[in-house]
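Each value in this text was obtained by applying a stated rule to the coordinates, not by laboratory testing. Note that the structure is a prediction, hence the values are computed from the model and not measured. In this analysis, Cβ positions are derived from the backbone assuming ideal geometry, glycine residues included, and neighbour counts consider all displayed protein chains.
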Amino acid sequence: MKLIDDVGRDAVAIDTAVFIYFIEEHPRYLPLIAPLFEEAARGKRELVTSAVTLLDLLVVPYRVGNLQLAQRYEVLLTRSGGVRVIDITRDQLRAAAQLRAATAMKTPDALQVAAAFGSSPPIWNMSDAQRARARLVTTSQLNRTKRCSSLSSSRS
């Protein structure tokens with residue numbers, strides 16, 4: 001199964017690591033995520049992430065004093081076709097807290113999901129939270145997809 005099949009046709013929440021893998025052309029993950037970014041560039045899919053991703057992308061360039069690289073990362077994230085960065089509101093912070101209360105989701109993932117899929121319903125129940133979580137592309141989902149693909153090809 002390919003990641004693009006796994007996430008369906010709607011908008012997809014993208015975790016920070018996925019953007020890093022795409023930017024750095026990570027050899028293990030690029031074949032899995034490139035189709036998502038290609039669809040976004042063609043206007044066939046929207047990739048949604050929170051402002052947390054901008055924060056995370058800028059840390060290393062700032063740490064090494066490379067302001068030009070930081071600027072390039074910010075432009076890539078905020079001006080790429082099919083990519084929408086959502087500023088985090090107080091309502092989304094509450095929704096993220098409700099997601100964390102309903103699941104074992106970590107704070108950054110809960111923020112990504114709440115930002116991508118809005119703060120409604122105002123109180124997340126377990127099934128809502130699990131469905132929303134399934135729409136967040138993270139490293140662990142990439143690893144599961146990679147393992148499933150490896151198993152499928154080894155059985156052929």
Residue within segment 56-71 that is in contact (Cβ under 8 Å) with a residue 40 or more places away in the chain, of a type in the set (D, E) and within 16 Å of L111 (Cα to Cα) present: yes
Is there a residue being surrounded by 13 or more Cβ atoms within 10 Å (Cβ to Cβ), more than 17 Å from the chain's Cα centre (by Cα) and within 29 Å of R42 (Cα to Cα) anywhere in segment 93-103? no
Just one listed residue, out of R63, R84, is more than 22 Å from F37 (Cβ to Cβ) and either surrounded by 21 or more Cβ atoms within 10 Å (Cβ to Cβ) or out of contact with any His (no Cβ under 8 Å at 6 or more places or on another chain) (or both), and it is R63
Output for segment 44-60, where each listed residue is crowded, with 19+ Cβ neighbours inside 10 Å and of a type in the set (G, A, S): S50
Which pairs do you get when a residue that is at positive phi, found in segment 84-113, comes within reach of a residue that is surrounded by 20 or more Cβ atoms within 10 Å (Cβ to Cβ) and part of a helix (DSSP H, G or I), reach meaning Cβ atoms under 7 angstrom, with the pair 6+ apart or on two chains? none
